[in-house]
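K.L.:
Provided herewith is a single structure, encoded as structure tokens, for subsequent inquiry.
Bear in mind these aren't lab numbers, they're just calculated from the coordinates by the rules spelled out. Model, not experiment: these values are computed from the prediction. Neighbour counts are summed over all protein chains in view; Cβ atoms, including those assigned to glycine, are modelled from backbone coordinates with ideal geometry.
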Amino acid sequence: MFKRIAFAACALMLASAPAFAQKAELGVTFGWVISDGVDFGSSVVAPGGVYTRVDPKDSFGWGIDLGFFVGPNAEVGFLYGQQLSKLEVSGTKIVDVGDMTISTYHGTFTYNFGAHDAAVRPYLMGGLGATSFGSVDYVGNRGPGTINSSTRFSTTWGAGAKFYGASKVGARVGVLWTPTYISSEAAGYWCDPYWGCYLVGNAKYSNQFELQGGVTFRF
């Protein structure tokens, strides 16, 4: 469902772009992703230890984004990213559960600084979409099993610079932060003299921080 929403949002933004501004840019990036997961909320006792957290391991990642300029500086597009990771649980010890692929899908808005034909263009980017945590095959004390895949709402935020020479092929470097909403747990009650008392939650997020470099093609 979230993937469909992300694709639909991107299509709507691209369709709204003025016809005169349909200049495109395609970027391919590679990098290292620093990932963190969430705690269980309470300790889980399992054969071999007591566990309190689950995390994706830091690993290689790559991405591809397509953007259309709607002005000299503004750009709307779609960003796909993938991290080839492993799922691990930690507590009294750290255990690799199995291989896991994390895929991200975001409709994006990018603001590029400087003139459209400048040799160096710093940029800021933000997006809305979804993160899909792929299924994980594992072998436990009771034999093999599979943890099902899960898709959650996420945003993504980036900054960096694009470098162009005389050609339409350039280099790029940047950083990307993708927080993904996982769940909420009760944090207590908040009381207000007008609205009364209600339960408030503590939201849990899994975060991906990527240091990336790559190439950019503009058309």
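K.L.:
How many nm is it between the label spots at Asn73 and Asp96, if each spot is 7 Å from the Cα in line with the beta carbon?
P.N.:
Taking the two extended label points, one gets 4.7 nm.
K.L.:
Please arrange Lys23, Lys57, Lys162 by counting, for each residue, the other beta carbons lying within 10 Å of its beta carbon, fewest first.
P.N.:
In increasing order of surrounding Cβ atoms, one gets Lys23, Lys57, Lys162.
K.L.:
By count of other Cβ within 10 Å, fewest leading, how are His106, His116 ordered?
P.N.:
Ascending number of Cβ neighbours within 10 Å: His116, His106.
K.L.:
Using 7 Å Cα-to-Cβ label points, what is the Tyr205/Val173 separation (nm, one decimal)?
P.N.:
For Tyr205 paired with Val173, the spin-label model returns 2.6 nm.
K.L.:
Sticking with this one: Quick one: what are the phi-derived ³J(HN,Hα) couplings along the range 81-96, Karplus 6.51/-1.76/1.60 with θ = phi - 60°, whole Hz, x for glycine and proline?
P.N.:
Result, rounded to whole Hz: x, 9, 10, 9, 10, 10, 8, 10, 10, 9, x, 5, 7, 9, 10, 6.
K.L.:
Right, another one. Given Ser90, Leu128, Gly67, which one lies farthest toward the positive end of the charge dipole of the range 52-193, if we put +1 on the Cβ of every Lys and Arg and -1 on the Cβ of every Asp and Glu?
P.N.:
Gly67
K.L.:
Round to the nearest 0.05 the FRET efficiency obtained for Ser103 and Tyr138 when R0 = 22 Å and r is the Cβ-Cβ distance.
P.N.:
According to the calculation, E is roughly 0.65.
K.L.:
Would you grab the residues whose amide H sits under 5 Å from the one on Thr108? Only those 5+ places off in sequence or on another chain, please, with H modelled 1.01 Å from N.
P.N.:
So Thr108 has HN proximity to Gly77, Phe78, Leu79.
K.L.:
Would you work out the charge dipole size for the range 111-173 about its Cα centre, treating the Cβ of every Lys and Arg as +1 and the Cβ of every Asp and Glu as -1, and quote it to the nearest 20 debye?
P.N.:
Values: 6 positive and 2 negative charges, 13 e Å.
Dipole size: approximately 60 debye.
K.L.:
Would you mind ranking Asp55, Asp99 by Cβ crowding within 10 Å, fewest neighbours first?
P.N.:
The order, fewest Cβ neighbours first, is Asp99, Asp55.
K.L.:
Which residues does a label at Ile34 reach in the range 96-117, if reach means a backbone N under 20 Å from a point 7 Å past the Cα toward the Cβ?
P.N.:
What the label zone holds, given the 20 Å backbone N cut-off, is 102.
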